[in-house]
Amino acid sequence: MSYRIAGIDVHKKMLAVVICNVEIESEFQFERRMFGGNPEQLHSLAEWLLQQEVEEVVMESTAQYWKPVWEALEWYWKPICEKREGALRKSGTLHLAQAESNRGRRGRKRDFADAERLVKRLVARELTLSFVPDTEQRLWRTVTRKKYQLRRDRIRLQNQLESLLEEAPIKLSSFVSDLLGLSARRMLKALAEGETNPAALAALADERLRATSEQLCDALGACTELNAVYRRLLKMALEECRLIDEQIGQLDKEMASLLSEHQHAVQRLAEVPGLGVDSAQQILAEVGPTAATFPSEKCLSSWVGACPGDKESAGINYSHRSPKGNRHMRRLLNQMG
């Protein structure tokens with residue numbers, strides 16, 4: 001019986017593709033072909049796999065370059081393969097292997113050899129395969145991870161702003177906990193626009209601020225002789241912060257629209273102590289609205305990396321260290337704790 005599997009070694013501009021009939025009881029015989037990484041070549045790859053009646057495809061997760069290959073095969077090859085006459089249960093299956101599990105011997109790194117090793121180790125079940133969600137969920141991940149990156153950029157910007165003020169020297173951070181809060185922004189905006197009176201700057205602070213006017217005047221005293229370069233740099237930092245806040249707001253609206261059909265799941269997760277709407281959206285983006293991909297809670301815990309390791313030899317347990325798992329989910333769980 002013929003059962004053909006394709007292995008793809010992915011690079012930025014080229015793909016090394018091999019096909020082998022794994023049901024033949026003899027040494028693996030591979031057919032090789034090279035393809036480019038542009039959309040037209042990816043379409044040609046899908047057509048060639050259909051002509052060769054390939055049932056499964058396995059590729060290596062090389063940086064972000066595997067994504068267009070995966071999407072092209074998911075769009076052109078997978079649906080036709082699944083509906084083909086005589087299709088088997090696993091026909092049309094795409095596998096993404098972690099690069100570490102396909103590592104070869106030192107000095108034996110070759111494109112086609114790597115692709116062949118993918119097929120051999122898939123058949124032998126020696127590959128560590130990654131969970132790749134459907135197209136819709138991948139879009140959720142893109143939005144939530146972009147928003148998380150923007151929040152990190154905002155924190156980085158706040159640290160740079162504090163460093164700039166200390167150099168000035170404007171000791172505002174000694175009395176204001178959030179340099180990007182409303183009170184601090186009003187004062188910093190006036191400072192960037194050329195205000196030289198410390199009392200006038202201190203008057204812009206919110207009355208609920210714990211610092212007194214005298215303390216703020218003392219912290220802002222250097223504004224009388226502040227170099228114009230610092231004012232321009234401060235203005236650039238505030239403008240960058242405004243832009244980041246606008247983009248985060250846009251992504252909030254985008255995510256709410258994408259998850260409109262799963263609002264009940266978002267609300268239920270948000271009620272968990274330590275979570276909120278944003279955290280609930282991130283969890284849904286990572287595991288899906290029902291976590292249906294994972295057959296049990298143990299499988300989900302293992303994938304997240306929240307379960308202890310089990311390294312045992314000769315009846316002695318050497319390590320309980322948890323696996324790396326999904327770093328985004330682990331971050332959320334650590335923040336909850």
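I244: aliphatic (A, V, I, L, M), assigned to a helix (DSSP H, G or I), in contact with an Asp or Glu (Cβ under 7 Å, 6 or more places away or on another chain) and modelled with pLDDT of 95 or more, yes or no? Spelling it out, I244 is indeed aliphatic (A, V, I, L, M), assigned to a helix (DSSP H, G or I), in contact with an Asp or Glu (Cβ under 7 Å, 6 or more places away or on another chain) and modelled with pLDDT of 95 or more.
Note on the range 36-71: residues that are surrounded by fewer than 19 Cβ atoms within 10 Å (Cβ to Cβ) and either at pLDDT 90 or above or farther than 15 Å from I8 by Cβ (or both) amount to 19. The residue that is surrounded by the fewest Cβ atoms within 10 Å (Cβ to Cβ), counting only those in the range 186-232 that are basic (K, R) and under 19 Å from S163 (Cα atoms), is R232.
Please indicate, with yes or no, whether at least one residue in the range 297-308 is touching a helix residue (DSSP H, G or I) at 6+ places or on another chain (Cβ under 9 Å), without any contact (Cβ under 8 Å) to a residue 60 or more places away in the chain and part of a helix (DSSP H, G or I). Scanning the range 297-308, I find at least one residue that is touching a helix residue (DSSP H, G or I) at 6+ places or on another chain (Cβ under 9 Å), without any contact (Cβ under 8 Å) to a residue 60 or more places away in the chain and part of a helix (DSSP H, G or I), so the answer is yes. From the list V266, V272, which one is outside any helix (DSSP H, G or I) and at pLDDT below 95? Within the list V266, V272, the selection yields V272. Among residues of the range 91-112 being more than 25 Å from the chain's Cα centre (by Cα) and at pLDDT 90 or above, the one that is farthest from D134 (Cα to Cα) is F112.
The values are calculated or read from the model by the stated rules, or taken from the named source; none is laboratory data. Here the structure is a predicted model, which means the values were calculated and not measured. Counting neighbours? That spans all protein chains shown, and the Cβs are built from the backbone with ideal geometry, glycine included.
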